[in-house]
Amino acid sequence: MKKHLLLFVLLVVSAFQIKSFGQQTLSCGGQFIDNGGISAAYLPNSNQTITICPNNPGQVVFVNFTSFNVETTFDGLFVYNGDSINAPQIMSNNAATTLLGAGAFWGNLTGANLPQFTASNPSGCLTFVFKSDNSVNKDGWVANITCGAANPCPAPT
């Protein structure tokens, strides 16, 4: 009986270590796709928090968007440099709105304007919060997730 209980506990703990968002598992080498899936618009009335962490200690997460189309002003993706929304926010240049607050990423971004994020914190994680209103749902996004060594040379400021 004790062996079965221990096995059950280990299975439950293992299940909670895998980060999931809808039907997808968010891990290094995978993709981060909006909650509508790869071929549909994102869902209305979203308020979802997604944390992506590296598989190995000492690594960091890189999230590179290959497409990004979120309703301007009313829907937005917030990004935090850490393993929770209490981490420092990575701000966009977008102004605050009454619905979203400051720093959300939105719009139909292409080419050099596609967002790319690299964690620069001890956990190596990035946290995303997606908020949408109840109408006008756009295509959303697709991003590639990779993990690796942190850049030893910080970006100039």
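The values are calculated or read from the model by the stated rules, or taken from the named source; none is laboratory data. Computed from a predicted model, the values in this text were never measured in an experiment. Please note: Cβ atoms are built from the backbone with ideal geometry, for glycine as well, and neighbour counts cover all protein chains shown. Heavy atoms of the whole protein, side chains included, go into the accessibility calculation; ligands, DNA and RNA do not. Shrake-Rupley method; radii C 1.70, N 1.55, O 1.52, S 1.80 Å.
Numbers for the structure displayed
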quantity	calculated
Tally of residues being within 13 Å of VAL129 (Cα to Cα) and part of a loop (DSSP other than H, G, I, E, B) across the stretch 89-101	2
Residue count, the stretch 53-71 (criterion: assigned to a loop (DSSP other than H, G, I, E, B) and within 14 Å of TRP141 (Cβ to Cβ))	1
The stretch 89-108: number of residues that are closer than 19 Å to LYS138 by Cα and not small (Gly, Ala, Ser)	7
Qualifying positions in the stretch 49-80 - within 18 Å of ALA119 (Cα to Cα) and of a type in the set (A, V, I, L, M, F, W, C)	ILE50, ILE52, CYS53, VAL60, VAL61, PHE62, VAL63, PHE65, LEU77, PHE78, VAL79
Matching residues in the stretch 52-84 - criterion: being in contact with a Lys or Arg (Cβ under 9 Å, 6 or more places away or on another chain) and more than 20 Å from THR97 (Cα to Cα)	ILE52, CYS53
So ASN108, is it in contact (Cβ under 8 Å) with a residue 24 or more places away in the chain, out of contact with any His (no Cβ under 7 Å at 6 or more places or on another chain), more than 23 Å from LEU26 (Cα to Cα) and in a strand (DSSP E or B)	yes
Single unsatisfied condition, THR73 versus (1) open to solvent by 20 Å² or more (accessible area, probe 1.4 Å); (2) modelled with pLDDT of 95 or more	(2)
Condition broken by VAL136, with the remaining ones in (1) crowded, with 16+ Cβ neighbours inside 10 Å; (2) under 25 Å from PRO44 (Cβ atoms) satisfied	(1)
